[in-house]
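Here, each number is a calculation from the coordinates, and none is a lab measurement. Predicted model only: the values in this text are computed from it and were never measured. Methodologically, a virtual Cβ is constructed for each residue, glycine included, from the backbone with ideal geometry; neighbour enumeration extends over all protein chains shown.
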Ligand SMILES: Cc1cc2nc3c(=O)[nH]c(=O)nc-3n(C[C@H](O)[C@H](O)[C@H](O)COP(=O)(O)OP(=O)(O)OC[C@H]3O[C@@H](n4cnc5c(N)ncnc54)[C@H](O)[C@@H]3O)c2cc1C
Ligand code: SF4
């Protein structure tokens, strides 16, 4: 049996989680303090994902802070960054507004501030 | 704008916003917020990464999203805001002198003042590194502003001194924008940032973290061309023969934050040498009656959720001060014992009602230890902790009965 030690990144508490794996299947998950951590550990040992936060340019030159609406596969982060950097948006932009649908599989690009 | 207000809040970051809202909701009839920048939100505007607000909103927000929620709440109330307005001084009589383009220099009289000016970064000038002072040296916060607000990359081959949260966040940010971050150095044997940031900002991208290391030399004529780093001994002195050279065009310094207290001094507010912020009661009133402080100007917080919580305490107390006048107090001191570097509030009024949350930091990382609260020899509370670290602010809640038991002074210490 293989034991993988992880630090949960879902919140600032940073629980240290131990995942026991046998023949590619999860046997047990220990050390998380909440269900978010359980889900994180499940994903992390199989296909780690991260929310990407960055900025895009508005046509008037201003920067609009953005995030992906869900996690992007870790290996695809740079490919997604390239797509995001090519995006140009029109102002005004409202917080929560979807700027690009499906910027990666199953996730949209969303504005995180209102920019006039 | 009027000549006088019940409450004037200085700073429109998360602390100022939450304090103004709480003051209004607790009955203050006229509240004015003064902010130096063109927009509200403070430092959160440049913190575009997520992870804010989990405690408060049970979801992971980016800095601007977190700020936006409070700005929206503020706008629902009759709270006056002046942006682009820098406060120059506050007198102990609570006359606030400020400057803006529209009015020039002007003054307003307040019944209560809430200080919420945030903190500033320790400057790299304070560090004694040999070599030249070429272009390409930035504080991590300044670099964050360049990249996230102005859209300008400070450089392409980067090293970072200091593994506090801002340094870690910037390592990832620069990497995502195409720069190569060669190394992060910390002079201590541990990172002062949150563990999650070490994982998601460095390990995710294979950026090496050199603990027990510092930069000993900066090279380059007009622009940085390289730095020399070395390992340090237990006295934090570089060890000869351990030098490593890194070719780079940019050095970011993330070597700590200090509360911004020039105005507090003008108001005659006594500061604590431990926090570098005001000495306060549990309701965040300073030792100058009617002057309150909250957020990073009071103690450097890691989590904005705590900033908002603290600001609400201050806002409510300021509204009560205006309504009921100065309250007579029966103060007990709250001091740091072994293993603890500071405790806030520094004073508790024994007549205070309800629970009181103490904030403190430990001096060193420790495992399987206990936080112990004593009054003289008598233990009044104790809690076990699996791990504690200086980079993570700790809290301890005391009940009203526990506080009633205290006589003159209570001590918070860390025991193995
Ligand atoms: C560079 C940097 C990056 C940070 N990154 C993170 C992070 O990633 N995550 C996190 O949780 N925390 C982070 N922090 C901590 C963060 O500052 C706090 O969580 C929170 O923003 C503090 O709120 P505040 O309102 O006390 O201070 P601030 O947000 O700093 O707000 C203070 C406000 O007061 C205004 N002001 C100051 N002086 C005057 C004056 N004389 N007149 C008028 N207005 C004035 C300022 O312009 C500012 O808007 C960071 C801090 C810094 C300095
Ligand atoms: S397990 Fe839950 S409490 Fe622990 S770090 Fe993850 S999200 Fe936070």
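Using 0.36 nm per residue, how much length does the chain from residue B:190 to residue B:416 gain when fully extended, once their Cα-Cα distance is taken away?
Taking 0.36 nm per residue and subtracting the Cα distance, the gain is 79.4 nm.
Each principal axis of the stretch A:53-111 carries a Cα extent, and these read 32, 19, 15 Å when sorted largest first. Per-residue mean of foreign Cβ neighbours for B:52-59 is 1 (Cβ atoms of other chains, 10 Å radius). Distance between the modelled labels on residue B:58 and residue B:25, one decimal in nanometres: 1.7 nm (7 Å Cα→Cβ projection). With the Kirkwood sum run over all distinct C-alpha pairs, the stretch B:61-120 has a hydrodynamic radius of 13.7 Å. Taking the DSSP beta bridges in the protein assembly as shown as the whole, what percent of them are antiparallel, to the nearest 5? So the antiparallel bridges in the protein assembly as shown amount to around 65 percent.
With 20 Å bins beginning at zero, the pair-distance distribution over Cα atoms of chain B amounts to 26, 54, 20, 0 %.
Please state the relative contact order of chain A as a whole percent: Cα pairs under 8 Å, 6+ residues apart? Over chain A, the number comes to 18 percent. The mean sequence distance of close C-alpha pairs (under 8 Å, at least 6 residues apart), as a share of the length of the stretch B:123-255, puts its relative contact order at 33 percent. Summarising the label geometry, the points placed 7 Å from Cα in the beta-carbon direction at residue B:382 and residue B:203 lie 3.3 nm from one another. Placing R0 at 60 angstrom, the Cβ-Cβ distance between residue B:182 and residue A:97 gives a FRET efficiency of 0.95 after rounding to 0.05.
How high is the FRET efficiency between residue B:89 and residue A:87 when r is their beta carbon distance and R₀ equals 35 Å, given to the nearest 0.05? Don't jump to the answer; show the numbers that get you there.
Numbers: r = 46 Å, r/R0 = 1.30.
Working from the Cβ atoms, E equals 0.15.
In the protein assembly as shown, helical runs assigned H by DSSP with n ≥ 4 each contribute -39500 (n - 2.57); averaged across all residues and rounded to the nearest 500, the mean residue ellipticity at 222 nm is -5500 deg cm²/dmol.
Rounded to the nearest 0.05, what FRET efficiency do residue A:105 and residue B:367 have when you use their Cβ-Cβ distance and R0 = 41 Å? It would help to have the intermediate numbers written out before the result.
Numbers: r = 40 Å, r/R0 = 0.99.
It comes to 0.50.
Sorted largest first, the spans of the alpha carbon positions of the protein assembly as shown along the three principal axes are 65, 60, 51 Å.
What does the extension gain come out to for residue B:123 and residue B:324, with contour length at 0.36 nm per residue minus their alpha carbon separation?
Answer, rounded to one decimal: 68.1 nm.
In the elastic network of chain B, a GNM with C-alpha springs shorter than 10 Å, the most mobile of B:235, B:148, B:296 is B:235.
Helix B:63-75 and the longest principal axis of the C-alpha atoms of chain B enclose an angle of approximately 20°.
Backbone N atoms of the stretch A:39-61 closer than 17 Å to the 7 Å Cα→Cβ label point of residue A:73 belong to residues A:43-52.
Using alpha-carbon pairs under 8 Å, 6+ residues apart, how would you state the relative contact order of chain B in percent?
16 percent
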